[in-house]
Structure formats: C-alpha cells, structure tokens
1. Give me the pairs, please: first residue somewhere in region 226-255 and without any contact (Cβ under 8 Å) to a residue 40 or more places away in the chain, second residue anywhere and not hydroxyl-bearing (Ser, Thr, Tyr), beta-carbon distance under 9 Å, and either six or more positions apart or on two chains.
2. Say we look at region 286-297 and pick out the residues that are in contact (Cβ under 8 Å) with a residue 24 or more places away in the chain and surrounded by 15 or more Cβ atoms within 10 Å (Cβ to Cβ); which of these is nearest to Ser89 (Cα to Cα)?
3. If you take the residues in region 147-206 that are more than 17 Å from Gly119 (Cβ to Cβ) and touching a helix residue (DSSP H, G or I) at 6+ places or on another chain (Cβ under 8 Å), which one is modelled with the lowest pLDDT?
4. Could you check region 110-131 and list, in sequence order, the residues that are outside any strand (DSSP E or B) and hydroxyl-bearing (Ser, Thr, Tyr)?
5. Do we find a residue being farther than 15 Å from Asn347 by Cβ and surrounded by 20 or more Cβ atoms within 10 Å (Cβ to Cβ) anywhere in region 251-258?
6. For the structure I just gave you, tell me whether Ile140 is touching a residue at least 12 places away in the same chain (Cβ under 8 Å), closer than 27 Å to Ser82 by Cβ and outside any strand (DSSP E or B).
7. Can you pull out the residues in region 341-359 that are open to solvent by 10 Å² or more (accessible area, probe 1.4 Å) and over 15 Å from Ile284 (Cα atoms)?
8. Kindly provide the set of residues from region 443-457 that are among the aromatic types (Phe, Trp, Tyr) and closer than 17 Å to Pro497 by Cβ, ordered by number.
Amino acid sequence: MKRLLGIFFFIIGYSQAFAQEAAPINDVSNGGVAFNSQNEFYIFGDTAVIGNNILSEDDKDAFNNLQVNNDDTKMRYVDIDSDKETFSSSQATLTLPSDLKKIAYAGLYWSATYAYEKGTRKEQKGNYDYRGSGERSTLINQIKFKLPNQEYQDITGQVIYDGSTNPTHAINSPYVCFADVTKLLKEAENKSGDYVVANVKATEGYLSGGSAAGWMLYVIYQSPTDNPKYISTYHGFALINKEEPLDLKFENFKSVEIGNVKTTVVLSALEGDSALEGDNFEIIKQKDGSYQALSNGARFQQNFFNSSITNNSIKNRNRLPNSENTLGFDIAKLDIPNYNNAIISNNTSETTLRFKTQSDRFYLYFTAFETEIAQTFFDDIVQDNNPNASQTASVSPEIVRSQPESDPSYNTKQKRKPYRYTQKGLNSKAFNYLKNKKSTTIAGVEGGYYVVTGVFAESLRAAKWTSNLIKEGYKANTFINPKNRWNYVYLLRSDTPDEAFKLAEKLKVNYKYRDAWVLKANLD
C-alpha cells in the first residue's frame, strides 16, 4: 500500500521566514487524499532522505529474506533501544556535506497499517481468516524523535490521512502523519549523525493485506552547486492498483539551456512487497510523449516498489536494523537516466510521473521532483521575489513559492521584513564550534581561517564578485579547490579563529554579505 505524504515548506526569504498554508486536502474516489503540489524551492543546494521500517520479524536483527511477502510474516515492533518509554524504535544515519550552508527544510513522516494492536490468522479451506485484538489508539500522531547526540523529544504531528474512518480502507486502516522539524535541525549542533524515531503505532502479528510501517526524514539544504535547482513535492494518499494508476505533473521550472539535464526523484510508499511483481514507475519522454519505465540496480521495471530503502542502485544499509527487506515500506532516491536528454530536454518546463501496477497494489504517500534549472530562469525568480537581491553569490538565498492547485493567488507577493542580523560573540556556540571543528583539507592552500564571501563554480562569476568587493574597498583574494574546481573568494586569512570570526560577524550585518562564513583549512 502506498501513501503520498504532504510536505509543508517554510518560505525562507533572505534570512527571514514566512510560512504559508498548504492547499486544502480533498477526498478522492478511492477514499484517499487528492494530490496537490505544495511549495516549490528554487535553491542552490540539494536534498537528503533517510528512514527505516518499524515492523519486522525480529525486534533488533536485520531481515534479509527477499522471497517473503509482508503478508506472510508475523510482525513485531522493531525496538533498538533499551528505553522503557518506547515500544518501537529504529535508526537511520543522515550524512550532510562539509560545505553545508544551512538547513532550508526538514519534514518528518511516519506511516503504518494499523487496524488493531495485534492480529492473528487461521487457514480455513485454503483461505485465511484474520482476527484482531486490542483497541486501536487514537494518538497515531504522537511519537518520539531523537537527533544526533540528543535525548528523545516528544513530537505531535498532523494526521494527513487516517484510513480507519473510511470503509474503503478500514480493513487495514493505513495512516500517514507529518511534522515540520526544520527548527530542530537548524538548531542542532550536530546535524549529521544518527536519527531515531520511536513509538510509531502499527498492527503486530498478521493483518489482511499485510502489516507495514516506517518513517522518513526529507531534508533540503543549501550548499554550493554548479547550477540552481528546482525542488517540488506532492502529497496526498492514493491506492495504486490495476484500476487506479496515478499521474503527477510537475511544472514551474525551466531546465538548463545547454548540457546534460540532471534530474532526481524521491519516492516513499507503503505495502510494496519484495517478492510480488507488476508495479511500475514511469516518466514521460519529452521528445515523443511516450512513457519510460524506470529502473536501476536495486529496483526493477516490473517490481519497482520492492520493500527496500535505496539511493540510486545502492541499498541504504546505514540503518539499525539494516534490513534488506523492509517488509512493505519503501524509500527511493534515484537519478533519472537522462541519456542525451532523451527524457527531459533542455529548456523543458514540465514533466509527468506515472505510477501503476498490474498485480501488487500499493499506497503512495510522498514524491519529490528535483532538477537543475537555467541560471537565467533562477535569476528571474530571484528578481521577481526581491528586486534588490544580489545575484553574484553562487549560494543565493532560496526562493519558495506556494503552489496550491485550488488557489490562483499563490504568486501573491508578501511584504518582507527588513533584514537584520544580530552578531554573535566569542562566547557563542557558533564560535566554539568553529574552534573545535575538524578543518577542511585543501591541497595547495596555506593553513588558517578564511573569511569566505562566495563560492563559485564559474571563474567568471568569481572574478566579477571579487571586482565588486575591491570596488567596495575590501582586499579580496581567490583560491581554487583542486578537488572540485570551485573558486573561493575571501577577504581575510588569519592564524587565529577570533579575528576571522569577528570579521565574518561584522560583514553579515550588511545584507550584501549575509552569506559570509569562516573556512577552517589545513590545520589538523
């Protein structure tokens, strides 16, 4: 079963946050929730997704039998910790890049089939008779969430869909919940590391159609990239079966004008069995309008949703437990194989994803579409949202636009608050982190603390930014990181962190230099 979980995004406009409400959620014919586009990011950066299942055959050991369906597995809660306050818990590791600028968004989702607490089955004349016991809790939206090197925090999320209230889905009662945890990740000292989700509720034992459960953390972050990106998510809840395929259309972007168009999708679903074939994920080919079935080394054209957690062709085993068969819970991040731009062409402004099955039904609950966009298109978006925005820094502030299908006024501009920055002192956590963090190794660069005002993939843009700084009276210099060929423009190299930190804080008071930061290089 699969459900598409809605992602609600923050509008982060040049260091000021403006939240917008999502589009209304409407029931659809199969008893689910109609899919609507939520907010759209235009950003220099990337995404990361992690998660894990919360039901398995054993409470701690990995389950690696790929020939068994979740229908035939006696489920029990995964519970990796020894905390008496948790009855279910599983872990996954988030790894963010060393050049991370900031967290732009983090959404946490949990989903399960939950008709009753425990179920049994008995075979009668070749058929199974399912019985349940234990009253279903109404608190499906309350869980515990642990960030790296922290204690559990209580999270109360929003119920996106609860199948127990609909006769169509009452037999296995799937649900999806969501919580915006952006603030928690932004404030965390350690953003990379082990995340644990606990007390996700589901049916143990046996359940008609199979019991399944899991959680997912989807993160959008800002970092230097060659091209800006368009990132859009859909949310809802849909049963995908032979009669109910699903098409999701993404637009409001413009792919790069020349060169390879790099595109990625992220999907999560419930009830995709490892051994049952027939489910497909397809994308429209721009050149002829036909649909191309997608696959890779971990997912196949006729069994795309196969109870696994994957990043392209690699199964993500950086989890606890690290089961190969996640028993009805799927997370997939995959690059579109866009050879010779046959699927998404240059200057393309829309595409469609299609989900269907010939046998194995599933619920889709989350889809994200990510593609590189033309620099000129990104510049136009920036200017439309803030005419005074600087366009020289390669890591520009992200733009987020609300895109509810039922609200034609989503482009309405909002009055922005004046930019203000409060300087942090030498007693701050930020300064202590700078002193204690591991330095970056960059070949051919003198060791020290560099006050960086911009990182550029293109040398011409770096030269233009350096020229502007010199005109402003600064002594700007540049070095190239031979590892990625990026150009770092800096105003100071210091032997001490104090001097560099003070200058960076002073610069950030000025809106034009709000992205100034200190690079600690070659000091370990």
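1. Final answer for the pair search is Glu243/Asn30.
2. Asn296
3. Among those residues, the one meeting the criterion is Glu189.
4. Tyr114, Tyr116
5. no
6. Considered against the rule, which asks whether it is touching a residue at least 12 places away in the same chain (Cβ under 8 Å), closer than 27 Å to Ser82 by Cβ and outside any strand (DSSP E or B), Ile140 comes out as yes.
7. Residues satisfying the conditions are Asn347, Gln358, Ser359.
8. Of everything in region 443-457, those that are among the aromatic types (Phe, Trp, Tyr) and closer than 17 Å to Pro497 by Cβ turn out to be Tyr449, Tyr450.
The values are calculated or read from the model by the stated rules, or taken from the named source; none is laboratory data. Keep in mind that this is a model prediction, so the values were computed, not measured. Methodologically, a virtual Cβ is constructed for each residue, glycine included, from the backbone with ideal geometry; neighbour enumeration extends over all protein chains shown. Surface areas here come from the heavy atoms of the whole protein model, side chains and all, with no ligands, DNA or RNA. Shrake-Rupley method; radii C 1.70, N 1.55, O 1.52, S 1.80 Å.
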